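Right, one structure below, let's go through it.
The values are calculated or read from the model by the stated rules, or taken from the named source; none is laboratory data. Here the structure is a predicted model, which means the values were calculated and not measured. Virtual Cβ from ideal backbone geometry, glycine too; neighbours counted across all protein chains shown. When the accessible area is computed, the model is the full protein with side chains, heavy atoms only, and any ligands, DNA or RNA have been set aside. Shrake-Rupley method; radii C 1.70, N 1.55, O 1.52, S 1.80 Å.
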Amino acid sequence: MEENRTEPAAPHAGDPSQETAAARGPRGENGPEPVSRQGGAAAAGEPHVFPEPGAAASGGGKQTASGKDGNAAPGGAGPESAVRRRFPTTGDLFAMLGIALGAQALVGLFGLLFSLFAGHGANYNTMEPAALGRLVAALYFVSMAVALGGLLYYRRVRGGRGRWARFSTRGLNPALLLWAFVMMCAVGVVLEPLLALLPELQINVGRGFWTILSLVLFAPVFEELICRGVVLGSLRSRYGVTIAWLVSSLFFGILHGQPVQVVNAFVVGLVLGYVYIATDSLWAAMILHALNNAVAYLMLVTGHANTLLIDLIPGRTLYVAVYVVALAVLVVSGYMMWRALRRMKEAEKNRAGA
């Protein structure tokens with residue numbers, strides 16, 4: 001990873017008046033989340049969907065000699081400031097991934113013991129769907145709360161400071177949300193040939209109110225706080241927007257465990273990460289995450305959890321047409337995302353060198 005250093009005269013990152021909604025960054029499972037594999041197609045978003053860096057008016061706040069994350073400037077003395085400048089390293093990323101996966105494994109072990117003592121054995125599938133939904137929701141909530149708490153503690157010990165998550169209603173751009181949802185649907189269609197080669201998704205999260213609550217509320221909140229908040233925000237403060245966007249999406253994919261989820265979640269994570277960076281708000285990413293999981297739950301309860309679009313569309317010609325449109329949406333929108341992120345990176349460098 002290439003370090004994105006800041007100069008002592010860089011604007012203080014904790015001052016919103018020095019940043020724009022497009023250019024500034026956040027500061028800061030294998031969970032019960034089946035990932036939807038059904039896609040749709042639509043035209044690529046309008047240009048305003050991809051905000052230009054500096055599009056919003058910025059105030060004239062006072063500059064300080066602090067770093068991007070509220071830490072001491074590179075010229076600052078003392079071991080504490082040196083630790084802060086090093087975070088996060090590659091080792092830190094592996095440690096953070098270990099904390100998140102370890103919390104899930106530990107709480108999952110308690111769930112297994114509960115199932116054994118309750119007489120269900122080691123197979124959750126013997127439980128009544130509604131009861132399984134309650135158990136999975138409880139285990140997921142506890143595991144992700146432990147993971148988030150552990151990551152925040154580790155971040156603080158390693159010198160991470162400043163805001164690690166941002167929320168703003170100004171980021172709720174309907175055009176951007178619509179484009180991102182269409183983009184996620186297109187991802188599902190384009191990835192179908194690869195997903196068909198991987199083992200089918202094996203996960204049972206139960207049914208009913210608690211399953212819906214887990215998928216549509218708990219998962220979007222905790223996963224976005226962890227992956228887009230803690231991980232992306234920490235990475236961006238040192239390496240810049242592009243590396244943070246890519247690595248946090250990979251982190252998001254690995255948390256989902258099973259190969260088909262890892263691949264799909266990684267690409268969906270790229271969309272969610274871009275939306276967070278562009279809007280400077282986790283609300284938009286959480287809403288999109290919830291919509292994706294709601295679609296996945298509908299497919300699950302209708303018996304299509306592992307059904308591909310090619311199996312649902314009659315006629316190969318129609319499927320090929322849908323696939324080509326989805327691929328075009330993905331390529332054009334992906335290129336526009338990449339260009340927008342490059343502009344944001346340049347804007348960050350310019351502010352750092354000002």
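From the alpha carbon centroid of segment 272-325 to that of segment 127-191 is 17 Å. Spin-label pair Leu298-Leu172: with each label point 7 Å from Cα along the Cα-Cβ axis, the two points sit 2.1 nm from one another.
Carbon-plus-sulfur fraction of the accessible area of segment 199-331, 1.4 Å probe, in percent? That fraction is 76 percent. Per residue, segment 160-292 exposes 31 Å² of accessible surface when a 1.4 Å probe is rolled over the protein heavy atoms with every protein chain present.
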